[in-house]
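Report on the following structure.
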Amino acid sequence: MDRSKIGLVIPAYNEAATIYEVVKAASEYGQPIVINDCSSDDTASLAEEAGAVVVNHDKNLGYDGALNSGFVKASEIDCEYIITLDADGQHNPALIQQFINELDKGADVVLGVRSNKPRISEHLFALFTYAKYRIKDPLCGMKGYQIKVYNRLGHFDSYRSIGTELMLYAARNKFSIIQIPFIVGERQDAPRFGSLVKANAKILRAMVKSIKK
């Protein structure tokens, strides 16, 4: 697949400490698309300097809002594969090639499986998705999609699913799914997902919404 047809969607909020290195490394494999979710630091300028297409939000829309914008932009520039990864450096950009390889071989969706899940709610969500779809890590931020999956659903997220709606749609509709385990790197600063209680509440809400779908 031509590099220009691979959209690397990277949601970012105040990630100036890592965004340049993440974008620079990811650029080897595709076109980075950084969604600057109303950062107050130099995230946008550093991402652009490193070679990203930057989508700027005038207000903070959160993780799913940023991913929505990234998928829209990837579709606009005619990407055939869309791979999401985090801006904090926890996803080694070298993994992108493994995702591309599986998409090249015909997988509709490729899911990362992290070496550890930091919250109890993530384990509960994973128990649900494994029992129903054999998906081991629904909340991993590194996922890859054929554009046809996104086009078929018509959107990425509609209910603040924490990046899981399109994946679950694919599972329910029998798209082929491959899973790739990897070791998670360490963040250089605090997570952007809020306090432990708030994060668990968001995840459990998304899980309940997913069960009702």
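Within the stretch 184-199, is there a residue that is part of a helix (DSSP H, G or I), closer than 23 Å to L8 by Cβ, touching a helix residue (DSSP H, G or I) at 6+ places or on another chain (Cβ under 9 Å) and open to solvent by less than 10 Å² (accessible area, probe 1.4 Å)? Within the stretch 184-199, not a single residue is part of a helix (DSSP H, G or I), closer than 23 Å to L8 by Cβ, touching a helix residue (DSSP H, G or I) at 6+ places or on another chain (Cβ under 9 Å) and open to solvent by less than 10 Å² (accessible area, probe 1.4 Å).
Regarding A26, is this residue touching a residue at least 12 places away in the same chain (Cβ under 8 Å), among the aliphatic types (A, V, I, L, M) and farther than 22 Å from I100 by Cα? No: the conditions fail for A26.
Conditions tested, residue by residue: (1) open to solvent by 40 Å² or more (accessible area, probe 1.4 Å); (2) in a loop (DSSP other than H, G, I, E, B); (3) more than 19 Å from F156 (Cα to Cα).
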| position | (1), (2), (3) |
| --- | --- |
| S4 | yes, no, yes |
| N14 | no, yes, yes |
| A17 | yes, yes, yes |
| Y29 | no, yes, yes |
| P32 | no, no, no |
| D41 | yes, yes, yes |
| E48 | yes, no, yes |
| G65 | no, no, no |
| G70 | no, no, no |
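The set of residues in the stretch 72-100 that are open to solvent by 30 Å² or more (accessible area, probe 1.4 Å), of a type in the set (A, V, I, L, M) and at pLDDT 95 or above comprises V72, I77.
Residue-by-condition table, conditions (1) under 18 Å from G65 (Cβ atoms); (2) among the charged types (D, E, K, R); (3) touching an Asp or Glu at 6+ places or on another chain (Cβ under 6 Å); (4) surrounded by 24 or more Cβ atoms within 10 Å (Cβ to Cβ):
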| residue | (1), (2), (3), (4) |
| --- | --- |
| F128 | no, no, no, no |
| Y133 | no, no, no, no |
| N151 | no, no, no, no |
| G154 | yes, no, no, no |
| D157 | yes, yes, yes, no |
| E165 | yes, yes, yes, no |
| N173 | no, no, no, no |
| I178 | no, no, yes, no |
| F182 | no, no, no, no |
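Rundown of residues vs (1) under 30 Å from K174 (Cβ atoms); (2) within 18 Å of the chain's Cα centre (by Cα), yes/no style:
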site: E21; (1), (2): no, yes
site: D42; (1), (2): no, no
site: A74; (1), (2): yes, yes
site: P93; (1), (2): no, yes
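The values are calculated or read from the model by the stated rules, or taken from the named source; none is laboratory data. Here the structure is a predicted model, which is why all the values come from computation and not from measurement. Positions of Cβ are backbone-derived with ideal geometry, glycine not excepted, and every protein chain shown enters the neighbour counts. To get the accessible areas, we keep the full protein, side chains included, count just its heavy atoms, and leave off ligands, DNA and RNA. Shrake-Rupley method; radii C 1.70, N 1.55, O 1.52, S 1.80 Å.
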